[in-house]
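The values are calculated or read from the model by the stated rules, or taken from the named source; none is laboratory data. The shown structure was predicted, so the numbers you read here are calculated from the model rather than taken from an experiment. Because the Cβ atoms are built from the backbone with ideal geometry, glycine has one as well, and the counts that use them run over all protein chains shown.
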Amino acid sequence: MKNFKIILFALASAMVAFGCEEPQDNQHQPDPTPDPPPVVVVYDFVREGTEPGADEGVRISWGITADGTLVVSGAGAMKDYTLTGNTEETARTDAPWFDLEVTEVVVQDDITAVGKYAFAMLQSMTKATVGKGVRTIENGAFARNYALTEVAISEGVRTIGTSAFYLCGELKSVAIPDSVITIGDGTFYGCVAMESVTFGKNLLSIGEYAFYSCSLLETISLPDKTDTIGLSAFSTCLALESVTFGTGIRSIMDLAFHNCPLLDGVVLPEGIEGVYPRSFALCKSLTSIEIPDSAAFVCESAFDDCDALESVVIGSGVELIEKWAFGRCDALTDVTIRATTPPVMLNDGEAAYYNFYISGDTLHVPAGCVDAYEASEEWAKVFTDIVAISQE
């Protein structure tokens, strides 16, 4: 088979050595070493072919080496492929390399989009590299690659699609480049070996179930531009201990951090619109929470079954607290609310007690508002002692 040459341009720097003595004034300095010539990587393919691209007139070339490295190149976007079969045994794609022994995928810089299911279910693949020309990784592009341990996503990618790395159970880490603005639904769903993820500074949104059941993930730090965390995005991340939100966060959707039993030290930033249903339920290590003044609501079961939760501060903008918002928080004894008007409690006919799962303890409210809270039947049923917030 003919050699297929791909030229990779590498930047190199050279160091010029000087003697120990200080250089004299006007002493001639040696010229800097010129850049080295381009590095030529030669792949010796044992099989190769071409495929139509996503657009008319575009052809995509591919070749595979004896050691299983699949190299894809071409001036444009790859086409989408089809996933068929209803069971693990029968599922397959119509990509021409599906039945080959692929151990590594290299998407070259001249490719602009990785097609749907292009490299899904390649059971021997352990490594993937996405070139810097790629702007979109389409839905399911690398899904169900159970042996994949390493992926390099180059600067330039803007969107990572739905289920792109779904059930890549051996993938240990991922670095999201600054160019990425959207992580789709279920993108890293079930990546149970993932220990770390870094997010680029321009990320705007994280989709539903994006990191669901990434069981070894311990810390998350989100950039300031991220404004939305989707439903169940980090649910059942069983090792997650800390999360840092950026200043731009507005929506932390239903079940976003549900069942993260080691999570503590959560600081909700000013700017969030509210706390959605069960977003922090079953966070059994959470000991305190402060809901900022920007929040207008605390939805049903938002902190349900956080049985280590001891203190809660509710911001001045909260107007509505739904049933079981703090249900089954057995350790809760210290509640402060900064709203001057008592928020409405929605209970669907159930006792207001179940909103807080607390009875007979002290509620701290703004000075001058004690009478209003005592006059509220719902609040008076839950708290027998309502006092003004200390000004100290």
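For region 17-25, the count of residues that are of a type outside the set (A, V, I, L, M), touching an Asp or Glu at 6+ places or on another chain (Cβ under 7 Å) and at pLDDT below 95 is zero.
Against the test of being in a strand (DSSP E or B), at pLDDT 95 or above and under 23 Å from Ala239 (Cα atoms), the options Val197, Val106 yield a single qualifying residue, Val197. For region 354-373, the candidate set comprises residues that are at pLDDT below 70 and surrounded by fewer than 16 Cβ atoms within 10 Å (Cβ to Cβ); within that set, the residue that is nearest to the chain's Cα centre (by Cα) is Ser359. Inside region 275-302, residues that are under 19 Å from Thr228 (Cα atoms) and buried (at least 23 other Cβ atoms within 10 Å of the Cβ) make up a count of 8.
Residue by residue, here is whether (1) closer than 15 Å to Arg135 by Cβ; (2) under 31 Å from the mean Cα position of the chain (by Cα) holds:
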| site | (1), (2) |
| --- | --- |
| Glu51 | no, no |
| Ala54 | yes, yes |
| Asp67 | no, no |
| Leu70 | no, yes |
| Ser73 | no, yes |
| Asp99 | no, no |
| Glu104 | no, yes |
| Gly115 | yes, yes |
| Ala118 | yes, yes |
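The sole residue among Val382, Val387, Val318 that is modelled with pLDDT of 95 or more and touching a Phe, Trp or Tyr at 6+ places or on another chain (Cβ under 7 Å) is Val318.
Listed by first and then second residue, the pairs with beta-carbon distance under 8 Å, at least 6 apart or on different chains, first residue in region 33-58 and farther than 16 Å from Tyr81 by Cβ and exposed (fewer than 14 other Cβ atoms within 10 Å of the Cβ), second β-branched (Val, Ile, Thr) and modelled with pLDDT of 75 or more, are Asp44/Thr65; Val46/Ile64; Val46/Thr65. If the condition is being touching a Ser or Thr at 6+ places or on another chain (Cβ under 9 Å) and closer than 17 Å to Leu262 by Cα, then region 283-301 contributes Thr287, Ser288, Ile289. Within region 176-197, the only residue that satisfies the criterion of being among the small types (Gly, Ala, Ser) and closer than 17 Å to Ser154 by Cα is Ser179.
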